[in-house]
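Heads up, the thing below is written out as structure tokens.
The values are calculated or read from the model by the stated rules, or taken from the named source; none is laboratory data. What you are looking at is a predicted structure, and each value in this text was computed from that prediction instead of being measured. Glycine gets a Cβ as well: all are built from the backbone with ideal geometry, and neighbour counts include every protein chain shown. Heavy atoms of the whole protein, side chains included, go into the accessibility calculation; ligands, DNA and RNA do not. Shrake-Rupley method; radii C 1.70, N 1.55, O 1.52, S 1.80 Å.
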Amino acid sequence: NRFSEAKAALLRETSANHANAAAWRWLGDCHYNLLELDDAIASYQRALERDPNVYYAMRGQGFAYLHRGHEYWRRMQEEVARGAKEQGAATFSQAHENYKKSLELLGFCLRRAPSDSEAVYGEAMAAEGASRKLYSNAISYLKLGPDNRERAEVFAANCLTVINQGVERAK
């Protein structure tokens, strides 16, 4: 749990040996635990570029995107509460994109290791987060009138698909 010290040592290692996928993965874990999410995502990506089979780098990156999605969600709620609706809408989209990326990465992890309970939990959380934007889009199109009902139904169907995926993982 001495992540700052470990991060310093791993920064030295990755500077000296750019090809060390394991060091990049562990550096990603340090950044993640220090809530340096952009750096965590970048470090995990470097590990995967060096060795695409570093499972824990992919899973770590999925969780970093999930956590970043949660951060954008909280920021969006604050912006809307302040009356900054346009800014809130943009932040809401950023949250959704992070949840989608998390869902993609953790889903890939679970195809490789279906019994990974942490990845199962993360994918369920990402599905819940990603469904929020789809639901919001469906409601927005419904409010525009009957000419937009078909588009609303597409978003609603996608929302239900994502929610069902999360429910299946939660089971």
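Any residue at all in the stretch 61-84 that is closer than 28 Å to Thr14 by Cα, in a loop (DSSP other than H, G, I, E, B), free of Cβ contacts under 8 Å to residues at least 40 places away in the same chain and open to solvent by 50 Å² or more (accessible area, probe 1.4 Å)? Within the stretch 61-84 (the criterion being closer than 28 Å to Thr14 by Cα, in a loop (DSSP other than H, G, I, E, B), free of Cβ contacts under 8 Å to residues at least 40 places away in the same chain and open to solvent by 50 Å² or more (accessible area, probe 1.4 Å)), the answer is no, since none of the residues qualifies.
What about Leu34, is it open to solvent by 70 Å² or more (accessible area, probe 1.4 Å), of a type in the set (A, V, I, L, M) and under 24 Å from Arg68 (Cβ atoms)? No, not satisfied. For the stretch 13-24, the count of residues that are over 28 Å from Ile163 (Cα atoms), of a type outside the set (Gly, Ala, Ser), surrounded by 14 or more Cβ atoms within 10 Å (Cβ to Cβ) and touching a His at 6+ places or on another chain (Cβ under 9 Å) is nonzero. Put simply, of Ala8, Ala57 the only residue that is over 28 Å from Val162 (Cβ atoms) and assigned to a helix (DSSP H, G or I) is Ala8.
What's the number of the condition Gly88 fails, among (1) assigned to a helix (DSSP H, G or I); (2) closer than 22 Å to Gly122 by Cα? With respect to (1) assigned to a helix (DSSP H, G or I); (2) closer than 22 Å to Gly122 by Cα, Gly88 is out only on (2).
If I filter the stretch 141-156 for residues that are closer than 22 Å to Leu27 by Cα, of a type in the set (Ser, Thr, Tyr) and in contact (Cβ under 8 Å) with a residue 12 or more places away in the chain, do I get at least one hit? No, that holds for no residue.
Give Ala152, Ala113 a once-over and let me know the one that is farther than 28 Å from Leu48 by Cβ, open to solvent by less than 70 Å² (accessible area, probe 1.4 Å) and over 16 Å from the mean Cα position of the chain (by Cα).
Working: Ala113 fails: farther than 28 Å from Leu48 by Cβ.
Within the list Ala152, Ala113, the selection yields Ala152.
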